[in-house]
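Colleague: Below is a structure I'd like to ask you about.
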Amino acid sequence: MKSSIYFYGGLFFVTLASLMLEIIQTRILSVTTWYHLAFFAISIAMFGLTAGAVWVYHKGKRFSEKTLSSDLTYYSSAFALSTAICFVMQMTLTPHQNDSLTFFLVWLEIAVCMAVPFFFAGVVVSLSLTRSPYRIGRIYAVDLAGAATGCLGVLWVMNLTDGPSAVLWIGAIAALGAVLFRKSNIGEAPSKKRWLHRPLPILLMLAIAATLNGMTWRGIQPLFIKDSINHRKEPLFFEQWNTFSRVAVYYQDELQSPSMWGKSPNTPPDKKIHQFRLNIDGAAGTSMPEFHGKKEEVNFLPYDITNLAYSIRPSGRGAVIGVGGGRDVLSAWHFGLDDIIGLEINPIFIDLLTQNQDFCQFNEIANMPGIHLIADEARSWFARTKDKFDIIQISMIDTWATTSAGAFTLSENGIYTVEAFKTFIEKLKPNGVLTVSRWYAPGEVNETGRLISLATAALLEEGAIEPQRHIFLASANRKVATLALSRQQLSPSDIQTLKTRVRDLGFMTVISPDEKPASEVLENIMTAKDREELDAYTSRQVLDLTPPTDDKPFFFNQLPLHKPFHAMRMAKDAANTGVIAGNLKATATLLTTLSISMILALAILVIPLGSAVRETSFSLAVGGTFYFSLLGLGFMFAEMGLIQRLSVFLGHPTYSLSVVLFSLILSTGLGSFLSDRWALRTKKSFCFWVIFVCIYILMLPMTLKFAFNVFQSADALLRIIVSIVVIAPMGILLGFGFPSGMSLVENFDKKPTPWFWGVNGATGVLASGLTVATSITFGISASFWVAAACYSLLIPAAFMIGFPGGSRR
């Protein structure tokens, strides 16, 4: 007896699991490799799902309604098991970057491990859509509902357990889908049952494995993290994952020298403390010193160059962006500020300092009067608050390990942009100071140069006539530099106090308003008369020193990708360490993964389907290939552009990915549904549709900028709602593209449709990586321009295919 509720339930949980797996893989890759490789997870998911559908097409008569329940149960169970097995294999691979074929092969292995579960999910979805006795509209609606729920469900799961355990739970969810498919009773029972036809034991096994793995730190965990082995030799005291990061805390009983970013050579040598070492995503680090309310416990803090600006603003109200282990908040308290706001986007750190008793008793910062620790995204919080501050501190957010390894090179960062700095400056009192610490290399104008460029641009836009009169910069140990940026011009007494402090602590003055900088580049940056002059000068330098903006928020990438031959020369001459070495590592990984995506797409999706197009007319073959290639490219350029742009607005890539996928899945599904009612059957209607799509996409940069300016101060929920409102109309319009193209093709010949399906999937796989490269080189807006160009070219492609009632050559 058929039971549609079991069928729909099985499909719902399989599509839910597939979208959760796609998003969680982006978080896993952020821990094991680089943050920008979210695009790779999206590419491989698309590849796997499309490959599964292509395989079903090739099998043809092997699948039918007579064995549908059995087949769906079998392949859903395969999806569940392969999710766990392939993930375990993925965790054992070591993508250590080197100049050898092995590096390419390792990434190919990772791609295969990631793709296999999606292949089985693609088989399940394809069979459900093409072999089911139920109405395809309802099936498609359930497919979209499951996928959309998965986009939101991943945010809930990642706050309950660690990443590897979450993947095992996803396998269990897929097995639940198999259990429901088994009860749907569509067709005959298999004559010979295999163990994959018994999904309940698989469900129980995976659920038990996920539970046990979540209870121990010694279970399934990444073997390789950020270019090094995850030894776990140090005593691991605490570990927790969430949608933001993986935080590991280490502790040793013996007294240690206090962790300091830029230690003064005049620091008392006998100072030893107990401290926790906090590690974020395997590379970025911070520390938590033992503290019980006494200043002498943290009297080493004045000897760190990151706290230099407190020498001129030692009292009043302060704000610290990036609480971490509380060290910078303690610095503000130690110098004498009596009202301190600590802002931290990652709630794990706030929980450690305010709720976890082991840490609260070790560091009692949360009990100190006048200290307020807040879990929030800094830009949004500053945009909302009406308070003004004497000093705002940003110290080493995103640390050397991640910078040199290239972890953030191709990632968006909403803190280091002109718009962000303007927000911070506007929240300073008239004589308030913004202090920022970053890495410094004498004789090389790299991160420091870009920081000064960013500060100068923000000051110019705030109306400063002589930006150089507002800026003081000093360095320690020839590694770290601290910027003191005053809203008003620094007074002679401020300058003298800073220079005296620098001299007493054995630091070095790099920039002072009363001296000519040793670096001609830094001098020319600060003396730019306006943004146009500043942008023109910084764009001509060896490194990309242009001020990062919300449209091009790639502060950590200084490799001039818009000058490919120059970039290749830099790659040849680059040292093995430093910012540029990190840029090169990240770019090489991007090119490697993009090559792998291309090879897999051609080998699995395009070439096997070539026979489907050989017997059709030339104009249909060329026009259709052109149409569906452009459609795949245009859709992904628009989608990835939204993910990158909203990452800055929403404060974190995981939120952006979930919100964009959720919105586009539902809205494009609605567009596809509406395309049946309002079909684009005439040249006129098709051209009008293309025009509307192009106008909306081209307006997105302006629309998003306006929305962000108005709603940047809103809370997270309202910003998510605004994002959905902006995305949904575009999704509805884009939803017409694929069914309309298929309808045009089928009017003349149905045989080549599998080819066009494969071409669309292949170009979608490639486009996600191309979008990252485009955004870094030309800005996120350029991705929308490319998307609009692709959609505009659909008109000649559709005309080549032909319209009903027309003729084709």
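The values are calculated or read from the model by the stated rules, or taken from the named source; none is laboratory data. Since we're looking at a predicted model, the values are computed, not measured. Neighbour counts run over all protein chains shown; Cβ positions are idealised from the backbone, glycine included. For accessibility, only protein heavy atoms count, side chains too; no ligands or nucleic acids. Shrake-Rupley method; radii C 1.70, N 1.55, O 1.52, S 1.80 Å.
Colleague: Under a 5 Å amide H to amide H cut-off, with H placed in plane at 1.01 Å, what residues pair with VAL510 once short-range neighbours are removed?
Modeller: Result for VAL510 returns LEU473, ALA474, SER475.
Colleague: To continue, here is another question. Under 23 Å from the Cα of LYS750, which lysines turn up, not counting those fewer than eight places away in the same chain?
Modeller: Result set, ordered by chain and number: LYS59, LYS61, LYS683.
Colleague: In square angstrom, what is the accessible area per residue of region 1-106 with a 1.4 angstrom probe?
Modeller: I get 34 Å² per residue for this part.
Colleague: Follow-up. Which value results when the Cα radius of gyration for region 677-729 is divided by 2.2 N^0.38 Å?
Modeller: 1.52
Colleague: Would you list which aspartates and glutamates come within 14 Å of LYS193, measuring only between C-alpha atoms, while excluding same-chain residues fewer than 8 positions from it?
Modeller: Answer for LYS193, where 14 Å is the Cα cut-off: ASP71, listed by chain and number.
Colleague: Quick one: dipole size for the chain, taken about the Cα centre, charges +1 on Lys/Arg Cβ and -1 on Asp/Glu Cβ, in debye to the nearest 20.
Modeller: Dipole about the Cα centre, nearest 20: 2820 debye.
Colleague: Say the dipole of region 239-336 comes from +1 at the beta carbon of Lys and Arg and -1 at that of Asp and Glu; which of SER257, PRO269, TYR303 then lies farthest toward its positive end?
Modeller: The residue sitting most towards the positive pole is TYR303.
Colleague: Right, another one. When the solvent-accessible surface of protein heavy atoms is calculated with a 1.4 angstrom probe, in what order do THR546, THR94 fall, highest first?
Modeller: Ranked from most to least accessible, the order is THR94, THR546.
Colleague: If VAL510, VAL298 are ordered by their accessible area, calculated over protein heavy atoms with a 1.4 Å probe, which sequence runs from highest to lowest?
Modeller: Ranked from most to least accessible, the order is VAL510, VAL298.
Colleague: Further, regarding this structure: By the 4.7 Å beta carbon criterion, which cysteine residues of the chain come out unpaired?
Modeller: So far as the 4.7 Å Cβ criterion goes, CYS151, CYS360, CYS687, CYS694, CYS790 stand without a partner in the chain.
Colleague: Per residue, how many Å² of accessible area does region 702-771 show with a 1.4 Å probe?
Modeller: Dividing the accessible area of region 702-771 by its residue count gives 39 Å².
Colleague: When every alpha-carbon pair in the chain is counted, what percent end up more than 49 Å apart?
Modeller: When every Cα pair of the chain is considered, 21 percent fall beyond 49 Å.
Colleague: Which aspartates and glutamates have a Cα less than 13 Å from the Cα of LYS751, not counting those fewer than 8 places away in the same chain?
Modeller: The qualifying aspartates and glutamates are GLU615.
Colleague: Please tell me which of these pairs span more than 21 angstrom C-alpha to C-alpha: LYS388/LYS422; LYS422/LYS585; LYS388/LYS529; LYS263/LYS499?
Modeller: LYS422/LYS585; LYS388/LYS529
Colleague: Considering amide H positions built from the backbone, and no H for Pro or chain starts, which residues 5 or more places from ASN363, or on another chain, come under 5 Å of its amide H?
Modeller: Amide H to amide H, under 5 Å and 5 or more residues apart or across chains, ASN363 pairs with PHE291.
Colleague: Let me ask something additional. With every protein chain kept in place and ligands, DNA and RNA left out, what is the accessible area per residue of region 268-350? Probe 1.4 Å, answer in Å².
Modeller: 28
Colleague: Does region 587-736 classify as rounded, prolate or oblate by the C-alpha gyration tensor (a ≥ b ≥ c root eigenvalues; a/c under 1.5 gives rounded; else a/b over b/c gives prolate, otherwise oblate)?
Modeller: oblate
Colleague: Roughly how many percent of the accessible protein surface of region 480-544 is carbon and sulfur, given a 1.4 Å probe and a whole-percent answer?
Modeller: Percent of accessible area from carbon and sulfur atoms in region 480-544: 48.
Colleague: Once neighbouring chains are kept in place and the probe is 1.4 Å, which whole percent of the accessible area of region 67-165 is contributed by carbon and sulfur?
Modeller: On region 67-165, the fraction of accessible area on carbon and sulfur atoms equals 69 percent.
Colleague: Take every DSSP beta bridge with both residues inside the chain and express the antiparallel ones as a percent of the total, to the nearest 5.
Modeller: 65
Colleague: Tell me, how many Å apart are the Cα centres for region 653-702 and for region 242-295?
Modeller: 50
Colleague: Ok, one more. Determine ³J(HN,Hα), in whole Hz, for all residues of region 290-295 in sequence, where each value follows from phi through the Karplus function 6.51 cos²θ - 1.76 cosθ + 1.60 and θ = phi - 60°; x replaces Gly and Pro.
Modeller: Ordered by residue, 3J(HN,Hα) equals 5, 8, 10, x, 10, 4 Hz.
Colleague: Got a number for the accessible area of MET91? Probe 1.4 Å, square angstrom, nearest 10.
Modeller: 10
Colleague: Could you list, in their original order, any pairs among LYS294/LYS427; LYS427/LYS705; LYS295/LYS479; LYS294/LYS479 whose Cα atoms are separated by more than 24 Å?
Modeller: Beyond 24 Å: LYS294/LYS427; LYS295/LYS479; LYS294/LYS479.
Colleague: Return the long-range amide H neighbours of ALA441 (sequence gap of 5 or more, or a different chain), with a cut-off of under 5 Å between placed amide H atoms.
Modeller: Here the answer is ASN446, THR448, since their amide H atoms fall under 5 Å of that of ALA441.
Colleague: Under the Karplus relation 6.51 cos²θ - 1.76 cosθ + 1.60, θ = phi - 60°, what is the ordered set of whole-Hz ³J(HN,Hα) values for region 242-259, x standing for Gly and Pro?
Modeller: After applying 6.51 cos²θ - 1.76 cosθ + 1.60, I find 8, 5, 8, 6, 10, 10, 10, 10, 10, 9, 10, 5, 6, 5, 10, 5, x, 5 Hz.
Colleague: Right, next: Calculate the tail of P(r) for region 479-559: the fraction of all Cα-Cα distances greater than 22 Å, expressed in %.
Modeller: Tail of P(r) above 22 Å: 37 percent of Cα pairs.
Colleague: Just check region 1-155 against the gyration tensor rule for me: Cα atoms, a ≥ b ≥ c as the square roots of the eigenvalues, rounded for a/c under 1.5, and otherwise prolate or oblate depending on whether a/b exceeds b/c.
Modeller: It comes out prolate by the Cα gyration axes.
Colleague: Provide LYS429, LYS683, LYS750 ordered by accessible surface of protein heavy atoms (probe 1.4 Å), highest first.
Modeller: Order by accessible area, largest first: LYS750, LYS683, LYS429.
Colleague: A further question follows. Okay, helix-only estimate at 222 nm for the chain: each DSSP H run of n ≥ 4 adds -39500 (n - 2.57), divide by all residues, round to 500 deg cm²/dmol; what do you get?
Modeller: The per-residue figure over the chain is -18500 deg cm²/dmol.
Colleague: Can you compute the FRET efficiency between TYR134 and ARG614 using 1/(1 + (r/R0)^6), with r the Cβ-Cβ distance and R0 = 35 Å? Round to the nearest 0.05.
Modeller: 0.55
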